[in-house]
1. Going by alpha carbons, how many degrees (0 to 90, nearest 10) lie between the helix axis of 14-44 and the longest principal axis of the chain?
2. Given (1) 13.4; (2) 12.7; (3) 15.1, which label gives mean projected area of the Cα convex hull in nm² as computed from the coordinates?
3. Based on Cβ point charges of +1 for Lys and Arg and -1 for Asp and Glu, what charge dipole magnitude is obtained for the chain about its Cα centre, in debye rounded to the nearest 20?
4. Farthest toward the dipole's positive end in the chain, which of 38, 148, 123, given Cβ charges of +1 (Lys, Arg) and -1 (Asp, Glu) about the Cα centre?
5. Is there a quick way to get the dipole size of the stretch 5-85? I mean about its Cα centre, with the Cβ of Lys and Arg at +1 and of Asp and Glu at -1; what is the value in debye to the nearest 20?
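Any read-out appearing in this document is the output of simple, stated calculations on the displayed coordinates, not a laboratory observation. Keep in mind the model is a prediction, meaning the values are calculated, not measured. Please note: Cβ atoms are built from the backbone with ideal geometry, for glycine as well, and neighbour counts cover all protein chains shown.
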Amino acid sequence: MGDPLEEGAGGFNLAVFGAISASLDRVASMMQDREVRQGRLFDALHQVQIGPQQIPLVAGAGTLVQVENFGPKAGFMWSIRRLTASGFTAGSVTAWKNGTAIAGTIVGGEPLVPFASAGVNTSGRGDVLLDQNDYLTFSATGITGLVQINGAADNFERWLLPDYLG
């Protein structure tokens, strides 16, 4: 009976053991890479709170523009998950993307979420995206009471967008 490590002896040879070892090394490396990536993803994505902020009102109307508080920082994106307008019993509030307040009115920008009454609007992942340099503004008209804005957004590094949407 021959040595089982010799080729052709009816057992495994050193080449097979070498191939198995190399395969296990590749699997271990892939697992380590995945673990590092998962850690990086965890650091790169977290939820941020929007508000609370009140819209300053004059005769039941007002605007809220705080670019630095209502949008992602450079290199990041937001996916708005929840916006709440509360505290009023009459009137309406609109959340805008990139609107500018001129003489108490939002101009330019895109209306995102209209609130015909106090309430909560929820959005799915990626439904309402803000890129770096984008921001939310708010306008209120015909208000009885006050208007408080709250919400939450998924905040993530821009490179993560394909994974986030996937």
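1. Value to nearest ten degrees: 10.
2. Only one option fits the structure, namely (1).
3. Working: 10 positive and 15 negative charges, 182 e Å.
Here the size comes out at about 880 debye.
4. Of the candidates, 148 comes out farthest on the positive side.
5. Numbers: 7 positive and 7 negative charges, 126 e Å.
The dipole magnitude comes to about 600 debye.
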